[in-house]
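Everything below concerns the one structure shown next.
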Amino acid sequence: MSLCRLVASAALMLSQLAVAAAQEWPTRHITAIVPFGPGNSVDIVGRLLVARMSELLGQQIIVENIGGAGGSIAAKQVALAAADGYTLMMTTTSAFGTMPQLYKLDYDPVKAFVPVATLVVDKSVLVVGPSWPVKTVQDMVAQAKAAPGKFNYGSAIGIGPHFVFELFKRKAQVDIIHVPYRGGGPMITDLIGGQIHATVNGKSVLRQHIVTGKVRALGVSAAQRWDDMKDVPTLMEAGFLDAPYDTLFGLVAPAGVPAPVVERLNAVINDGLRSAEMRASLEKLGIEPYVTTPAEFARLVAEEAPRWSQAVTLTGIKAQ
């Protein structure tokens, strides 16, 4: 047998083995890592989706929260995990642009992961709590300018909402102090309790508190007003943001996971996102499913990462 035929035969055999392995996969539980603490948008959406995925795959999917360093601690753990489809990570497209700028990574986050599927788009909203009873974003800016450093806002360090608020501050030319939090849950509790004045966070986290009047929405980071909150302007139309900054969630796996496994995961996720039950659950949170192929997800990462990388430069945010 010639060398060329031998190589071709070996490649075919490896391909057949990969397909066979994918057909058998999964044979045990899968771990889906959320790179932030409990109570944030990624965590809420992830736990909704994995229940449906577990049912379709016939194996339990365990959600594990590993917070810290803007998601980079969890990301490294997943990047070093076995490329067998049993360790996954829920993340945002923004993380691919912010992590390399904020942290000294010993790996390339784009090359270290294979995009599996997008999940949802969660639009961000700027809100104030009861300790800052302003009714419009213009009132907020006026009071902040009149009393520099008097007011504050909360967010985790180095994630999308942190950058959106800092971009807002930069455009509005106001001095509002950042109070760092490790997770969304404690921050929302403090906002409602009056310990902090404001925040930017995902609609999935804040919508119920806006509806019940516990916090007041002043502006959204989307390109257009939300259909269910037509009276709340966009920060762009108010003149306090130059571009929309929505958060796109996705699922990634360590680079090297066999393509048939990635394709099966993508199909299962998309099936779950299209289900009436999942759509109803997401609608209650006010967020939208976002169905793509792995290739389309990779293209979105390539488009979004530079925008968020630029946001790091513009805001001057540093890792702490």
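The values are calculated or read from the model by the stated rules, or taken from the named source; none is laboratory data. Please read all numbers here as calculations on a predicted model, not as lab measurements. Cβ atoms come from the backbone with ideal geometry, glycine included; neighbour counts cover every protein chain shown. All accessible areas refer to the heavy atoms of the entire protein, side chains included, with ligands and DNA or RNA removed. Shrake-Rupley method; radii C 1.70, N 1.55, O 1.52, S 1.80 Å.
For this structure, a couple of remarks:
- Taken together, the criteria place residue 141 among residues that are in a helix (DSSP H, G or I) and crowded, with 18+ Cβ neighbours inside 10 Å.
- Among the residues making up the stretch 148-163, a single one is open to solvent by less than 30 Å² (accessible area, probe 1.4 Å), assigned to a loop (DSSP other than H, G, I, E, B) and free of Cβ contacts under 8 Å to residues at least 60 places away in the same chain: 151.
- Criterion (polar (S, T, N, Q), surrounded by 15 or more Cβ atoms within 10 Å (Cβ to Cβ) and either farther than 19 Å from residue 41 by Cβ or at pLDDT below 95 (or both)) met by exactly one of 195, 173: 195
- Residue in the stretch 291-305 that is over 30 Å from residue 195 (Cβ atoms), of a type in the set (A, V, I, L, M, F, W, C) and in contact with a Leu (Cβ under 6 Å, 6 or more places away or on another chain) present: yes
- Filter pass, residue 277 being free of Cβ contacts under 8 Å to residues at least 40 places away in the same chain, assigned to a helix (DSSP H, G or I), open to solvent by 20 Å² or more (accessible area, probe 1.4 Å) and out of contact with any Pro (no Cβ under 6 Å at 6 or more places or on another chain): no
- Look at (1) under 16 Å from the mean Cα position of the chain (by Cα); (2) buried (at least 16 other Cβ atoms within 10 Å of the Cβ) and you find that residue 182 fails only one, number (2).
- Condition check for residue 238: touching a Phe, Trp or Tyr at 6+ places or on another chain (Cβ under 7 Å) and either at pLDDT below 90 or within 18 Å of residue 220 (Cβ to Cβ) (or both): no
- Selection over the stretch 198-227 of residues that are open to solvent by less than 70 Å² (accessible area, probe 1.4 Å), in a loop (DSSP other than H, G, I, E, B) and closer than 16 Å to residue 244 by Cβ gives a count of 4.
- Test: residue in the stretch 109-120 that is open to solvent by 30 Å² or more (accessible area, probe 1.4 Å), among the aliphatic types (A, V, I, L, M) and within 24 Å of residue 235 (Cβ to Cβ): no
- Matching option when the condition is at pLDDT 95 or above and within 30 Å of residue 267 (Cβ to Cβ), among 142, 74, 117, 95: 117
- Candidates 298, 267, filtered to the one that is without any contact (Cβ under 8 Å) to a residue 60 or more places away in the chain, outside any loop (DSSP other than H, G, I, E, B) and under 24 Å from residue 33 (Cα atoms): 267
- So residue 1, is it open to solvent by less than 30 Å² (accessible area, probe 1.4 Å) and either at pLDDT below 95 or within 21 Å of residue 184 (Cβ to Cβ) (or both): no
- Residues of the stretch 36-50 satisfying the condition of being in a helix (DSSP H, G or I) and either surrounded by fewer than 17 Cβ atoms within 10 Å (Cβ to Cβ) or touching a His at 6+ places or on another chain (Cβ under 7 Å) (or both): 47
- Lone qualifier among 74, 81 - being touching a strand residue (DSSP E or B) at 6+ places or on another chain (Cβ under 6 Å) and in a loop (DSSP other than H, G, I, E, B): 81
- Residue under evaluation residue 31, criteria (1) more than 21 Å from residue 285 (Cα to Cα); (2) modelled with pLDDT under 80, criterion not met: (2)
- Candidate set: the stretch 251-264, residues that are part of a loop (DSSP other than H, G, I, E, B) and under 17 Å from residue 301 (Cβ atoms); chosen: the one most open to solvent (accessible area, probe 1.4 Å): 255
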